[in-house]
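Some notes on the structure that comes next.
Laboratory data are not the source of any read-out in this text; all were calculated from the coordinates shown. Quantities reported herein were computed from a predicted structural model and do not represent experimental measurements. Counting neighbours? That spans all protein chains shown, and the Cβs are built from the backbone with ideal geometry, glycine included.
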Amino acid sequence: MTNIPHFNIPLDLPHAGRVSCKIRTLLFQRITTETAELKPLIDDLNSLVKLLRFCRLNGQNPEDPNEMTNLKNDAAEVGRRIVNHVEVNDLKSDRVGHAIRNLFECLELGQEGARLSLVAGENPNSLQRSV
């Protein structure tokens with residue numbers, strides 16, 4: 001796989017929680033009607049926000065390393081599903097793509113986030129993509 005410019009930042013679950021709220025808001029703005037096809041996306045958006053809620057409100061990563069790893073992995077899995085929903089339901093936008101990239105950077109998955117952000121609609125020539 002080609003190396004896409006990305007940022008490597010330390011795990012930041014509180015900020016990932018804030019970004020998850022932003023992703024949900026951005027996508028809810030793009031959803032004009034709630035259809036059965038969009039229910040899995042809406043469920044995943046709510047699930048991601050709920051998953052990271054405690055860290056967002058507490059302002060820190062969990063102290064238990066196993067809990068931290070599990071939370072990171074679970075959030076990444078839901079994030080991947082959200083990107084798939086965005087692609088399938090044609091909800092792509094530059095702002096959604098930026099937020100997806102930020103989410104994965106906060107999960108220490110910058111390379112994957114840089115790739116998924118393009119799938120979610122981020123402009124490949126965005127200045128924020130240059131490192």
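Quick notes
- For the stretch 1-68, the fraction of alpha-carbon pairs lying more than 20 Å apart is 45 percent, rounded to a whole number.
- Qualifying lysines (Cα of each under 22 Å from Cα of residue 92; at least 8 residues distant if same chain): 22, 39
- Under the criterion of Cα pairs below 8 Å and six or more residues apart, the relative contact order for the stretch 1-110 equals 49 percent.
- Note on the stretch 13-124: dipole from Cβ charges, positive end direction compared against 49, 97, 25; the farthest Cα belongs to 25.
- The chain shape via C-alpha gyration tensor axes, a/c threshold 1.5: oblate
- Placing a label point 7 Å from the Cα of residue 53 along the Cα-to-Cβ direction, the residues of the stretch 1-32 with a backbone N closer than 17 Å are 14-25.
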